[in-house]
Structures are given as structure tokens and as C-alpha cells.
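Novice: I'd like to ask you about the structure that follows.
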Amino acid sequence: MPLFLNDEQTMLRDTARDFVGENAPVANLRRLRDSDDATGFDRALWKQFAEMGFTGILIGEDAGGLGLGHVEAGVVLEEIGRNLSPSPFLSTAVAAVAALDGTAQAERWFPGILSGETVAALAIDEGPKHRDGVTMRAERAGNGFRLSGAKQFVTHGHVADLLIVAARTAGSDADAEGVTLFAVPADAAGLTATPERLADSSIAARLTFEGVAVDGDAVIGEVDAGRAPLDRLLRAGRTGASAELLGVGGGAMDLTVGYLKQRKQFGALIGSFQALQHRAAHLYAELEVARAAVLKAQQLLDAEDAAADQAVSVAKAMTGLATTLSVQEGVQMHGGIGMTDEYDIGFFMKRARVLAEMFGDANFHADRVARGRGY
Amino acid sequence: MSDLDTFREETRAWLEANCPPEMRAPIVSEKDVVWGGRDQSRLTAPQKTWLDRMAARGWTVPDWPKKYGGGGLSAAETKLLREEMARIKARSPLNSFGISMLGPALLKYGTEAQKLEHLPKIARGEIRWCQGYSEPNAGSDLASLATSAEDAGDHFIVNGQKVWTSYADQADWIFCLVRTDKTTKQGGISFVLFDMASPGVSTKPILLISGYSPFCETFFDDVKVPKANLVGDLNKGWDVAKYLLGHEREMISGMGLSGGGDALVEGALATVGVDAEGRLADPLLRAQIALYEVRALAFAAQSERFIDELKAGQAHPAQPSMMKYYGTELNKARHELSMAAGGSDAVEWESERSGGGRAARAWLRTKANSIEGGTSEIQLNIVAKRILELPG
Ligand SMILES: Cc1cc2nc3c(=O)[nH]c(=O)nc-3n(C[C@H](O)[C@H](O)[C@H](O)COP(=O)(O)OP(=O)(O)OC[C@H]3O[C@@H](n4cnc5c(N)ncnc54)[C@H](O)[C@@H]3O)c2cc1C
């Protein structure tokens, strides 16, 4: 398979580019922020995503989806990133779908995701840095379980219909196994969600579970064997976040290069200064390399290749590095106007920071690559 | 089974049967690289066997047309052949400026007679080529070159000096930029080929910081060059030169890929050791290597993407500049890390255990990566102007 988009994927990209650009440009984020919107995204727009078929990209055709892959999901995510569009697409249509796929829970939740009714949130992180370990407990109680503990950085966690929760049902905190993944309805008793506004104006919740009772059939996959669906979720989420980061980095670069061609100082366009040209060209190179890493991870995931795991970490780390550079250089090369709230470049910087932390930052993933390679 | 699957199976079987075991070992020194040329006495028996067998199939240049000594393979087949060679760690049977630089330029700009004359010899490794571009006062500003070619009826008379001519002292022929019109800059350059054994050609080696001297000053004193050896039109050599440079940059960018991180990691583990958790005991070195590896693995994907796009005619023509820039900076970073990992062992210059200073010399050699074939600064200029379309 060549490492570039085929004709159908290019068509989908163009469709997504038009759709997101028209319906959810950066101005949309600014409007949501200025109106202090408490949801964090636009539900009507989420419905439109569904009408476009986007929410079913990773859902099989037999279940009413498009039966496409991570390359296609990434194409949409990149446009979401480029436009800084607040959307539950990554958590719901990508990560949650990957976790639910092939389990008994799919039948229950896929229709809502397909129709744009359902929003899913991922209760995975337990501390301010993403880690592989799970310490939150789920004790057996009757036919079901009682969940106790806390999660944080749960995007849309305060308004989601479905929470995907990783909890420990066996073993000790350090063990990789012994984890079970639960599909928890948002209205479960004993569950408190405290929304926190983040730097990029998105909202993530801190969740506390105080003996939250769930049925046995809330288990995604098998009890004690949640590592498999959790890994599916993480691989999809990490790859998707990489694609979105790539969009953020690319959007920031476009804005910056555009500015270099328009701003005059010393009687010349600042883009004619070699010091800036070289930095812009270096930035371009970093983003091209990041783009390849993302596409590689997507293709390997779609091919269910054993090498996908490393490729996913390379993609997340590389986009973290490249996009961080892009937004930093973006603000610097805009000069003073780059520091103003009125101008958009700062929005890119804030979004990049949040996405960089999501599902593990560049250091976390570089470390994973190192371990995988035996050092 | 698809045609490609069949091709893969047959290729695998053929390589298995024909690639000598000695040619499946990693390249350690310059001596392991086969450059070909009139003087084949330099080749070991396995090198010669491997070259001849691959050349007989046209697989030294798998995607060139068969009539020019190539394999006539499609892009997909070529990729597959490379994969199968990589699978058994087969060495490249032949390295040459003919394959990576002159060949593509001749395929595009050469006359049929020139193609039939030169390409098959390149494919079989019979003629070793060198590149006569740079001059003492024409480096980055290559178009200011002064070596002149005077019209003398059916031939030119070439006078002047080149510098940095890699392997000029071992090359059989040179592809050379000469000035045929002094009144304009780019528009007065022509591209000619001639035999290094021609009367009036002489070379003088230049010693590098690595202690090696594969580079030369090259002097031309009334050298007679037949007009049939002009490639492209008179005074239009700059187009050929630029096209060829694109291929040179493409080739050099491959350095970012050479070796990957394996040797680096092994070297670091051997010198630094591991901590209680089995991780490299120097945490900062470990972090630096890990971040390097992220970039190297991402660049490997980018190289694959670049080749795929190139084959499909989708790559921006200035993209080789980006690849050259990134690949060479990455390669330099790898060698800098390998020196850091090697510690005092790596700075030994002559000892037997250091293989005659192999690590140190290789490290020093890589410092030229971001100079040769056009400096990193020049590549960034090209990306800025031609891809990002920045002004001035
Ligand atoms: C190991 C090695 C092998 C080589 N092999 C060959 C060969 O086989 N054949 C051949 O013809 N040549 C060869 N070269 C020559 C090589 O192409 C030149 O060295 C190179 O193009 C740079 O030219 P220069 O050395 O004259 O540096 P200069 O052009 O003098 O540059 C000096 C510095 O100024 C910078 N600079 C120059 N112009 C600009 C600008 N416009 N903007 C920003 N910065 C600028 C450069 O980037 C560099 O940092 C080789 C060189 C080396 C080191």
C-alpha cells in the first residue's frame, strides 16, 4: 500500500475539509468560548457529523456504519484539528468505537453514535500525566460491580451519555492485566462529574466514583481481560489524537506562512528575511515527517499489523514534537499580534498543549518506543 | 495468487539462491562498498559474483528499461525487490554516481546514442563516474562556475579547475559543468561527459578531517571533449544540472535511514549498562536516544512516503531538498549520539579495538552530509522559496 491517500480517501478529505471549514471554523470555537458555553461543543453540529456519515467511519457496514479505517477517521480528525473544532469525534467515533467494536456492548451503543445522539467520554487517566497503570477498583457485588475511585482529564465527561471506564478487578496496581473495561451510563448513582475549563476552552471533567453500581453486562469484553479493548481504545485514541495534532500544527503553519507573506517591516515582507525563511522551512520539514508517521500508524492499524503499536507511539511523539514547534514558532513569527487574544494563533498554541497531553505526551511515547526496543 | 505475490516468491527464491553469504553482512568499512569501474581487481570474489548476477538480471537498476541494462520492473516490483533484499540483509551490489545521479539525467536529457552508450555500462558497473560541479569560487553559488569549454569545431577545449570532486582519482569518466557563454550566468552553462584518461586531466587528493581523502582537486588543461558528449542543448546545462542535483539530494537523504538506531542502542548498552529496571543506565542519554529514534522512525516513514509519491508523480519537485536537509541532519545527530555512547573507546583513532578509529572517522565524515550536494542552508532556501513560496 503506497504511503499516501488513495483517490477515495482524498475525496473524503476534501469533503471533510469543506464541511468542517464551513460549519466549524476557528470562529466557532471563539464563539463558544465567548458565550461561556457549558457543553464545550455544539450538539447540533455533532448531529451534522452523523448525517455526513462521519460518526460511522469505524463502524462496520453490517452495523450500519461505513466500515472504513483509521486512515479515513484521521482525515476527518486532521480537519477538526486544523479548524480547532470542539467535537466529541475523537472520544466517541474513534476511541469508544474501537473499544466497543466486536463486544456485546456494540449493539447497545453504536446506533446512538451513528445517529449523533450519543456522546462518549473516556475515563482512563488517574493523574495529571497519562500512565498505563490502572488503580481504580471495581469490586464484585451481586451480579455486577461497584466502582470506586477517581479519574481526570475526561473530555466531555460532564455531558457524555456513555463513560468508558477502566478499573481494576484483579491483581495489584502495578499489573498490566487484571483490568476490566466498563460501559457506564452517565446517570449512574454515586458518580460525580466536576467540569473543568481547560486552557484551550474545552471542558474536561474530574470524575469521582463512590461505589457506583453497574450490572454485569456493563463489562466491555471479558472480566479481568479489559486490557485488550483498552489497548484497542488507546491505539485508536493515540493515533486519532496524532492526526488531530497534525491538523493543529498544519493550521498554525498555514497561518504563519500566510502572515510572513503579508506583514511588512523595514520596507520588506518579513517572509523575505532568511532567518525566518529557514525556520519556516525547518518547521515544514518537521510536519512532513510527522505526517508520514501518522499515516504509517494508521495504515498499520488498519492492516492489524504487529508493528502498529510502535508506529502509534512514534506518531504521537512525533506529532507532539512537530506541532509544539509549529505553534511556538507561529506565535514568535507573528510578533506582538501573536500574543493578542484577538488573533487566532494563540488558540492553536492552547489546543496543541491539551492534545499533546492527551493519551500520553511525546516523552511518554518516546519512552514506550525505547522500552519496546529493549533499552 | 496475484502477479505481485508470484513476483515476490520468485524474487525471494532467486535472492536466496544467488546472494553470496558474504554479501549479507553489514557494511563495516569503505572497502565493503562496491563502486565498480574499469579496474575490477579491487573487488573480492563474492562482491564480483553478486554484482555480475544482479547486473545480468538488470537488478542493479531495477526500474530502468531493459534495453539500457535495467530490469524493466514496475514501481511496485522495485519496491518489493528492495524489501526482499532488506529481508535477507543483502548489500547493495553496486553503488555509483552513475546510478543515482547521471543515469536519471541521461534517461531524461540524453540522446538515444548516449543512452545506449553509457547506461548499460553504468548498470554493469563497468565505468565509474565522478561529478565535476564545484569550483574554488563556485560552491553554493554553483552557477558562477568558470571552467570554460571553447568551441573548436567538432569538439570543445576544456580549461579550468574543479574542487571537492569525490573519488576523481578513481573515476573513469566525469560529468562536468562547463561555461560555454560568459555573457550570462545560468544561461551559459553546458553539461558534458568525458573520459578522465583524456590528456590534460589531472587530480590531487584533499585530506579530510576524518583522515581520509576520497576527494580531489581536478584540473583541466586543454582537454579535448567531442561535441557528441554534450548532454542536452548547448548553454542549457543548468536544467540538466538541477535535475541531477534533485537525484543527488534524494540519494543523500537516504543517509538518515542508514543503520537505524540498532547499532546506537547496542553501543550504548555495551558502554553504559542498564539500571535495576533494565533501562539504559544513563537516563539523559537514554532520553536523547529515544527522541532520536522517534524522529528516525518517523523519517523512515517519510522516506517511504516520498518514494511512493515520487513514483506516482505526486511529489513536489523541490521535495528532495526537504528530504536531504532532514535526512542529513538526522544522520549527523545519530553519529553525535554514537560518540556520546561510545565514550573514550569511541575517540580512539588508530587502535585495533576501535577498528582504526571507525566510529570517530565515521562521525567526522557525517559532518559533510549537510554540506555536500548543497548545504542545509541552501536546502532551506529552496524549501522556503519553492514550496512555501515565501517572497524575495
Ligand atoms: C565531502 C564532500 C564531498 C563533495 N563531493 C562533491 C563532488 O563529488 N562533486 C562536486 O562537484 N562537489 C562536491 N562537493 C562540494 C559541495 O557541493 C560544496 O562544498 C557545497 O555545495 C558548498 O559549497 P562551498 O563548500 O563552497 O561552501 P560556500 O558556498 O562557501 O558556503 C559557506 C557557508 O555559507 C553558507 N551559504 C552560502 N550561500 C548561502 C546563502 N545564499 N544563504 C545562506 N547560507 C549560505 C553555506 O550554507 C555554508 O554554511 C563535496 C563537498 C564535500 C564536503
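Novice: Please report Rg over Rh for segment B:125-215, where both radii come from the alpha carbon positions and Rh follows the Kirkwood definition.
Specialist: Working: Rg = 13.6 Å, Rh = 13.9 Å.
Reported Rg/Rh, Kirkwood definition of Rh: 0.98.
Novice: For chain A, treating each Cα as an identical point scatterer without solvent, what Debye log10 I(q)/I(0) comes out at q = 0.14 1/Å?
Specialist: Relative scattering, expressed as log10 I(q)/I(0), comes to -1.18.
Novice: Computed over the Cα atoms of segment B:115-165, what is the convex hull's projected area averaged over all directions, in nm²?
Specialist: Dividing the Cα hull surface by four gives the mean projection, 5.0 nm².
Novice: Turning to a different aspect of this structure: Over 24 Å, how big is the tail of the calculated P(r) for segment A:256-375, in percent of all Cα pairs?
Specialist: Cα-Cα pairs of segment A:256-375 separated by over 24 Å account for 38 percent.
Novice: For the interface of A with B, what's the total buried accessible surface in square angstrom, probe 1.4 angstrom, rounded to the nearest hundred?
Specialist: Rounded to the nearest hundred, the buried surface is 3600 Å².
Novice: Sticking with this one: For the protein assembly as shown, build the convex hull from the C-alpha positions and give me its volume per residue in Å³.
Specialist: 175 Å³
Novice: Sum -39500 (n - 2.57) across every DSSP H segment of at least 4 residues in the protein assembly as shown, then divide by the residue count to get the 222 nm mean residue ellipticity, nearest 500.
Specialist: Values: 22 runs with 339 residues, N = 767.
Calculated at 222 nm, the ellipticity per residue is -14500 deg cm²/dmol.
Novice: Just grab the label-to-label distance for B:LYS367 and A:MET339, each label 7 Å out from Cα along the Cβ direction, in nm (one decimal).
Specialist: Label at B:LYS367, label at A:MET339, 4.0 nm between them.
Novice: So, one more: What translational diffusion coefficient, in µm²/s and rounded to a whole number, does the Stokes-Einstein relation yield for segment A:1-118 at 4 °C and a viscosity of 1.567 mPa s, taking the hydrodynamic radius as the Kirkwood radius over Cα pairs?
Specialist: 88 µm²/s
Novice: Would you please calculate the Kirkwood hydrodynamic radius of segment A:127-231 over all C-alpha pairs and express it in Å, rounded to one decimal?
Specialist: It works out to 13.9 Å.
Novice: Work the Kirkwood hydrodynamic radius out for chain B: mean of 1/r over every pair of different alpha-carbon atoms, inverted, in Å.
Specialist: Answer for chain B: a Kirkwood hydrodynamic radius of 22.6 Å.
Novice: Determine one quarter of the surface area of the Cα convex hull of segment B:261-392, which equals its mean projected area, and express it in nm² to one decimal. Before the final figure, lay out the partial values.
Specialist: Working: hull surface 40.6 nm².
Computing the convex hull of the Cα atoms and averaging its projections yields 10.2 nm².
Novice: Related question: So what is the accessible area of chain B per residue, in Å², with the probe set to 1.4 Å?
Specialist: On the way: 17490 Å² over 392 residues.
Each residue of chain B exposes 45 Å² on average to a 1.4 Å probe.
Novice: Among B:ILE252, B:LEU285, B:THR271, whose Cα lies farthest out toward the positive end of the dipole of segment B:230-307, if unit charges sit on the beta carbon of Lys, Arg (+1) and Asp, Glu (-1)?
Specialist: B:ILE252
Novice: Would you calculate the convex hull of the Cα atoms in segment B:319-362 and tell me its volume per residue in Å³?
Specialist: 54 Å³
Novice: A further question on this structure: Threshold 10 Å², probe 1.4 Å: give the residues of segment A:1-20, in number order, that are less accessible with all protein chains present than with their chain alone.
Specialist: Listed in order, they are A:MET1, A:PRO2, A:LEU3, A:PHE4.
Novice: Can you report the principal axis dimensions of segment B:297-371 using only the alpha carbons, biggest first, rounded to whole angstrom?
Specialist: Extents along the principal axes, in whole Å: 49, 23, 17.
Novice: What percent of all Cα-Cα pairs in segment A:76-188 falls into each 10 Å bin, going from 0 up to the bin containing the maximum distance?
Specialist: 13, 42, 35, 9, 1
Novice: About the Cα centre of segment A:47-165, how large is the charge dipole given +1 on each Lys and Arg Cβ and -1 on each Asp and Glu Cβ? Please answer in debye to the nearest 20.
Specialist: Rounded to the nearest 20 debye, it is 580 debye.
Novice: Averaging the inverse of every distinct alpha carbon separation and then flipping it gives the Kirkwood radius. What is it for segment B:179-316, in angstrom units?
Specialist: 20.0 Å
Novice: May I ask what percent, to the nearest 5, of DSSP beta bridges between residues of chain A are antiparallel?
Specialist: DSSP beta bridges in chain A are roughly 85 percent antiparallel.
Novice: Still on this structure, I have one more. Measuring from label point to label point, each 7 Å out along Cα→Cβ, what is the A:ASP37 to B:THR6 span in nm?
Specialist: Here the answer is 5.8 nm between the modelled labels.
Novice: Extension gain B:GLU83-B:LYS182, at 0.36 nm per residue separation less the Cα-Cα distance, in nm?
Specialist: Between B:GLU83 and B:LYS182, full extension yields an extra 30.8 nm.
Novice: What residues does segment B:306-327 have that are buried by at least 40 Å² of accessible area in the full protein assembly compared to the chain on its own, 1.4 angstrom probe?
Specialist: By number: B:ASP308, B:MET322, B:TYR325, B:TYR326.
Novice: Given a 1.4 angstrom probe, I'd like the percentage of the accessible area of the protein assembly as shown that is carbon and sulfur, rounded to a whole number. All intermediate terms of the calculation are to be shown ahead of the outcome.
Specialist: Working: 16660 of 31830 Å².
Summing carbon and sulfur atoms, their accessible area is 52 percent of the total for the protein assembly as shown.
Novice: A further question on this structure: Any idea what the alpha-carbon Rg over 2.2 N^0.38 Å comes to for segment A:227-319?
Specialist: Relative to the rule-of-thumb radius for its length, segment A:227-319 sits at 1.42.
Novice: With each label point set 7 Å from Cα along the Cα-Cβ vector, what nm distance links B:GLN40 and A:ASP215?
Specialist: 7.9 nm
The values are calculated or read from the model by the stated rules, or taken from the named source; none is laboratory data. Keep in mind the model is a prediction, meaning the values are calculated, not measured. Neighbour counts are summed over all protein chains in view; Cβ atoms, including those assigned to glycine, are modelled from backbone coordinates with ideal geometry. These accessible areas exclude ligands, DNA and RNA; they are computed on the full protein's heavy atoms, side chains included. Shrake-Rupley method; radii C 1.70, N 1.55, O 1.52, S 1.80 Å.
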